[in-house]
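Take a look at the structure set out below.
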There are 4 protein chains.
Amino acid sequence: MKKPIIIINFKAYDTSFGKKGIEIAKKIQNVSKQYSTEIIVSVPATMIYQLSSELEIPVFAEHVDGVPLGAYTGSIMPEMIKDVGAKGSLLNHSEKRIRLDEIDDALKRLRGLGLESVVCVDRYDLVVPMSLLKPTAVLIEPPELIGSGISVSKAKPEVITRAVNEISKVKDVYLVAGAGITTGEDAYRAIELGADGIGLASAVMKARDPEKIVEELVINSLKACDENE
Amino acid sequence: MKKPIIIINFKAYDTSFGKKGIEIAKKIQNVSKQYSTEIIVSVPATMIYQLSSELEIPVFAEHVDGVPLGAYTGSIMPEMIKDVGAKGSLLNHSEKRIRLDEIDDALKRLRGLGLESVVCVDRYDLVVPMSLLKPTAVLIEPPELIGSGISVSKAKPEVITRAVNEISKVKDVYLVAGAGITTGEDAYRAIELGADGIGLASAVMKARDPEKIVEELVINSLKACDENE
Amino acid sequence: MKKPIIIINFKAYDTSFGKKGIEIAKKIQNVSKQYSTEIIVSVPATMIYQLSSELEIPVFAEHVDGVPLGAYTGSIMPEMIKDVGAKGSLLNHSEKRIRLDEIDDALKRLRGLGLESVVCVDRYDLVVPMSLLKPTAVLIEPPELIGSGISVSKAKPEVITRAVNEISKVKDVYLVAGAGITTGEDAYRAIELGADGIGLASAVMKARDPEKIVEELVINSLKACDENE
Amino acid sequence: MKKPIIIINFKAYDTSFGKKGIEIAKKIQNVSKQYSTEIIVSVPATMIYQLSSELEIPVFAEHVDGVPLGAYTGSIMPEMIKDVGAKGSLLNHSEKRIRLDEIDDALKRLRGLGLESVVCVDRYDLVVPMSLLKPTAVLIEPPELIGSGISVSKAKPEVITRAVNEISKVKDVYLVAGAGITTGEDAYRAIELGADGIGLASAVMKARDPEKIVEELVINSLKACDENE
């Protein structure tokens with residue numbers, strides 16, 4: 001992953017799959033190319049193949065099971081998402097919480113396959129415990145702000161500040177901030193507070209003009225990154 | 001669905017996805033065409049698109065979530081599997097049990113989209129309760145025999161007989177028998193006992209010669225069907 | 001169980017256990033004695049022993065696990081609740097949903113021990129499927145009305161009417177109506193619509209004068225019962 | 001908690017509750033008094049009141065939910081177990097795994113009430129992540145050895161050694177070793193390897209003479225403790 005990390009979680013809106021999903025992904029790729037910035041899209045398992053085949057931006061799964069290959073029905077394993085082109089996976093999103101041993105299992109499996117991982121947490125107390133399991137990044141999202149349109153950067157800047165402070169105790173794990181991030185200013189502020197990047201979903205997936213909002217997020221993320229240096 | 005119903009659940013073996021998965025699916029299609037018999041494959045969500053695009057046999061999901069489209073991460077909805085070409089879904093497999101309200105939600109959603117559904121149960125007491133929710137079929141599998149190589153037809157024929165008797169109380173729901181079905185004789189016997197078809201996984205997915213075993217299953221299923229008429 | 005069935009689910013309020021819980025239970029017993037009416041209290045597992053020892057009204061568990069005795073940690077089995085004096089258990093409350101096979105396991109275990117059972121459902125489509133598993137009663141509660149103060153009798157009388165119609169297809173299972181029942185009129189109306197009784201929680205547990213509201217519920221339930229005959 | 005920490009998890013055997021459960025608890029208390037050693041018993045929620053009332057040894061719950069008091073059915077909260085006399089709770093036993101956010105919630109609630117906590121983990125990689133949430137102790141149990149009669153001290157001494165090394169990075173959290181501990185020698189060896197104590201279940205609960213085995217465990221634990229100093 002490269003800073004600023006920008007992760008767009010497609011979730012399961014009517015814009016998240018099918019023609020609409022592909023269309024949004026292409027718009028995100030346009031911005032990615034224009035600004036030479038990596039933008040990760042995390043998408044439903046059914047869409048990984050198509051998006052990985054047609055696009056160049058990194059495609060992540062929204063969830064992955066850490067159980068070994070074998071007699072499991074309805075599970076999605078790291079080998080399966082890699083096979084269809086995924087570069088990594090979200091884990092433990094507040095809408096798909098799993099147990100710590102399951103997270104550890106999944107992270108070991110993803111790592112073994114050279115895939116990246118972003119583990120979500122809902123509080124800064126859990127940043128170090130999760131980071132010790134060595135994901136590529138920890139994404140902190142106060143769940144009450146997810147999809148609220150009120151950004152963590154504005155409403156709870158101390159969550160970012162403390163999470164940044166926590167992650168600094170562990171080597172080589174990125175800290176991404178999410179929940180309610182909607183505007184360029186939200187992105188700018190999150191990175192200014194020390195986050196390595198931003199995660200968001202509804203602000204893009206439910207936007208009238210997704211390309212415009214993604215562009216605004218990228219410009220402001222790049223600006224905050226530059227100023228931090 | 002057409003009798004004899006033959007459902008091959010790919011599960012999550014190393015043969016269930018990627019090139020190997022596509023190869024097995026093609027062999028299954030060969031048999032399907034040769035004997036003009038429908039064979040359903042139930043596959044990992046990541047594989048639905050490729051298999052539906054490249055093949056003509058009906059592709060099912062191994063699981064589907066009944067929640068409406070919206071802010072869900074890592075869920076696979078009926079609309080998503082339909083979009084990539086699935087014709088239906090397994091539900092409530094013993095390796096992916098869900099609650100009754102979730103099954104009802106998923107069945108309503110699948111039905112609304114014109115998709116088929118096969119709900120798994122582990123005992124004949126649950127055949128009528130599940131059938132009342134109007135899936136296309138109920139698949140009964142005593143879990144202790146799944147993957148055992150000892151078939152329900154031989155080890156517990158009374159489970160099939162009683163399940164057949166139960167399902168007859170409800171209109172328009174098929175009864176499929178599964179667990180340990182490995183040989184043509186197992187298939188023949190299950191249908192002879194009154195089942196509308198068979199479900200199996202490891203006997204095909206872990207076979208040296210999957211095409212041969214599928215052919216044997218089809219021949220014997222057709223024979224039993226003919227004799228029942 | 002005797003009609004009218006009145007079930008007060010203590011839940012986990014600060015009034016649901018300890019001295020306050022015992023005090024409310026005693027008030028409920030006062031009303032029960034005064035009107036010679038059975039009132040069931042469903043209480044936290046930690047409270048069953050004390051309430052069963054000190055009181056004569058039937059005490060139920062709020063939940064019970066259907067697994068057999070053995071190497072389970074943190075599970076509450078039917079034998080355990082019977083040992084401390086419980087007469088039965090709620091199952092599958094919307095705040096503690098379990099799977100259909102788990103419900104069937106628990107019901108068989110409860111029945112084998114001579115304990116009663118009340119299985120909750122959230123929709124009339126599930127009334128017959130659940131009734132076929134032979135609980136003592138099915139409690140229907142549209143979850144959006146639970147704790148709302150807006151009663152199912154007023155807001156969704158058709159839910160009760162249809163559930164009553166459904167349950168009539170199955171022998172010997174009571175139909176109890178719940179969700180938002182707060183006043184005597186709510187109780188009267190539910191039973192007038194055909195329910196065998198009522199289930200409620202917050203209206204009593206959060207009341208200033210729980211005895212008064214219980215009395216009002218009992219008087220109106222008895223009145224509706226009389227008029228139905 | 002005082003070293004050597006000895007925790008006997010009653011689980012849900014037919015000896016774990018009722019008269020048999022009380023009888024075993026009294027035998028454990030006899031040994032505890034004779035050797036002036038604290039022995040913790042972790043018991044089913046239904047039994048906490050009786051055992052706390054009749055005995056002086058510390059009684060723990062086998063599990064506790066971290067949700068706040070309110071509209072929850074079938075949950076056991078820290079306030080409830082404290083009310084009936086518990087001094088603490090096990091959390092996250094391999095037979096009752098919960099998520100990390102739930103563990104953190106429960107630990108905060110237990111701490112706020114002055115109750116102790118023992119969080120179980122199945123691998124040494126999770127010792128530090130869990131310890132950072134500040135339980136009183138972490139209990140490490142390789143799940144494949146639980147109830148096996150083959151002790152972690154003999155079969156996987158390196159699990160204890162590494163866990164002891166891990167916990168030393170965190171202040172004020174005890175490390176307890178469990179799984180398969182059956183004999184005095186198993187206990188001696190676990191503490192000799194650096195554990196602050198031992199956890200066990202079946203070796204006592206399924207013993208012909210529980211008092212004798214508990215005595216043997218205590219003598220050997222005390223001996224190892226003395227020699228470590």
Exercise. Out of the residues in the stretch B:37-51 that are of a type in the set (S, T, N, Q) and surrounded by fewer than 24 Cβ atoms within 10 Å (Cβ to Cβ), state the one that is nearest to the other protein chains (Cβ to nearest Cβ).
Key: B:GLN50
Quiz item: Which residue pairs have Cβ atoms closer than 7 Å, lie 6 or more positions apart in sequence or on different chains, and pair a first residue in the stretch A:125-152 that is facing chain D (nearest Cβ under 9 Å) and free of Cβ contacts under 8 Å to residues at least 60 places away in the same chain with a second residue that is basic (Lys, Arg) and not in a helix (DSSP H, G or I)?
Solution: A:VAL128/A:LYS169
Quiz item: Could you give every pair whose Cβ atoms fall below 8 Å, whose first residue belongs to the stretch C:69-81 and is over 21 Å from C:GLY114 (Cα atoms), and whose second residue is of a type in the set (Phe, Trp, Tyr), counting only separations of at least 6 or pairs across chains?
Solution: C:ALA71/D:TYR13
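How about the stretch B:168-189: which of its residues are closer than 19 Å to B:VAL119 by Cα and at pLDDT below 95?
Our first condition is that a residue be closer than 19 Å to B:VAL119 by Cα; within the stretch B:168-189, this holds for B:168-181.
Result: B:SER168, B:LYS169, B:VAL170, B:LYS171, B:ASP172, B:ALA177, B:GLY178, B:ALA179, B:GLY180, B:ILE181.
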Practice problem: Just name the residue that is nearest to the other protein chains (Cβ to nearest Cβ) out of those in the stretch B:178-214 that are surrounded by fewer than 19 Cβ atoms within 10 Å (Cβ to Cβ) and farther than 19 Å from B:LYS154 by Cα. | Solution: B:LYS206
Quiz prompt | Subset of the stretch B:10-24 [touching a helix residue (DSSP H, G or I) at 6+ places or on another chain (Cβ under 8 Å) and at negative phi] | solution = B:PHE10, B:ALA12, B:TYR13, B:ASP14, B:THR15, B:SER16, B:PHE17, B:GLY21, B:ILE22, B:ILE24
Quiz item: Applying the selection to the stretch A:108-124, what residues are under 19 Å from A:ILE48 (Cα atoms) and either touching a residue at least 60 places away in the same chain (Cβ under 8 Å) or in contact with a Ser or Thr (Cβ under 7 Å, 6 or more places away or on another chain) (or both)?
Solution: A:LEU110, A:LEU115, A:GLU116, A:SER117, A:VAL118
Quiz item: Scanning for something under 17 Å from C:PHE10 (Cα atoms), touching a Phe, Trp or Tyr at 6+ places or on another chain (Cβ under 6 Å) and of a type in the set (Ser, Thr, Tyr), does the stretch C:168-189 turn up at least one residue?
Solution: no
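Just give me the residues in the stretch C:37-54 being among the small types (Gly, Ala, Ser) and touching a residue at least 40 places away in the same chain (Cβ under 8 Å), in sequence order.
Scanning the stretch C:37-54 gives a single hit, C:SER42.
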Quiz prompt | Whichever residue in the stretch B:52-83 is touching a strand residue (DSSP E or B) at 6+ places or on another chain (Cβ under 7 Å) and over 19 Å from A:LYS11 (Cα atoms) and, among such residues, is nearest to the other protein chains (Cβ to nearest Cβ) | solution = B:GLU62
Quiz item: Which one of these does D:GLN34 not meet: (1) touching a residue at least 40 places away in the same chain (Cβ under 8 Å); (2) facing chain C (nearest Cβ under 10 Å)?
Solution: (2)
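Could you run through the stretch B:7-24 and say how many residues are closer than 15 Å to B:SER202 by Cβ and in contact (Cβ under 8 Å) with a residue 12 or more places away in the chain? Please lay out each step first, then the result.
Taking the stretch B:7-24 first, the residues closer than 15 Å to B:SER202 by Cβ are B:7-16, B:20-21, B:24.
From what is left, the residues that are in contact (Cβ under 8 Å) with a residue 12 or more places away in the chain are B:7-13, B:15-16, B:21, B:24.
Of the residues in that region, 11 qualify.
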Exercise. Sort out which residues of the stretch C:172-229 are over 25 Å from D:GLY70 (Cα atoms) and among the charged types (D, E, K, R), and write them in order of number.
Key: C:ASP172, C:GLU185, C:ARG189, C:GLU192, C:ASP196, C:LYS223, C:ASP226, C:GLU227, C:GLU229
Practice problem: Quick one: count up the residues across the stretch D:90-121 that are within 13 Å of chain C (Cβ to nearest Cβ), surrounded by 18 or more Cβ atoms within 10 Å (Cβ to Cβ) and farther than 18 Å from C:THR73 by Cβ. | Solution: 1
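For the stretch D:1-25, enumerate the residues that are basic (Lys, Arg) and closer than 26 Å to C:PRO68 by Cβ. Please lay out each step first, then the result.
Taking the stretch D:1-25 first, the residues basic (Lys, Arg) are D:2-3, D:11, D:19-20.
D:LYS11, D:LYS19, D:LYS20 - these are the residues of the stretch D:1-25 that are basic (Lys, Arg) and closer than 26 Å to C:PRO68 by Cβ.
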Quiz prompt | Pairs with Cβ under 8 Å, 6+ apart, first in the stretch D:198-213 and more than 13 Å from D:GLU141 (Cβ to Cβ), second at pLDDT 95 or above and among the basic types (Lys, Arg) | solution = D:MET205/D:LYS11; D:PRO210/D:LYS27; D:GLU211/D:LYS27
Practice problem: Would you check which residues across the stretch D:56-89 are crowded, with 24+ Cβ neighbours inside 10 Å and hydrophobic (A, V, I, L, M, F, W, C) and list them? | Solution: D:VAL59, D:PHE60, D:ALA61, D:VAL64, D:ILE76, D:MET77, D:MET80, D:ILE81, D:VAL84, D:ALA86
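The values are calculated or read from the model by the stated rules, or taken from the named source; none is laboratory data. Only a predicted model underlies this, so the values are computations on that prediction, with no experimental measurement involved. So basically every Cβ, Gly included, is an ideal-geometry build from the backbone, and we count neighbours across all protein chains shown.
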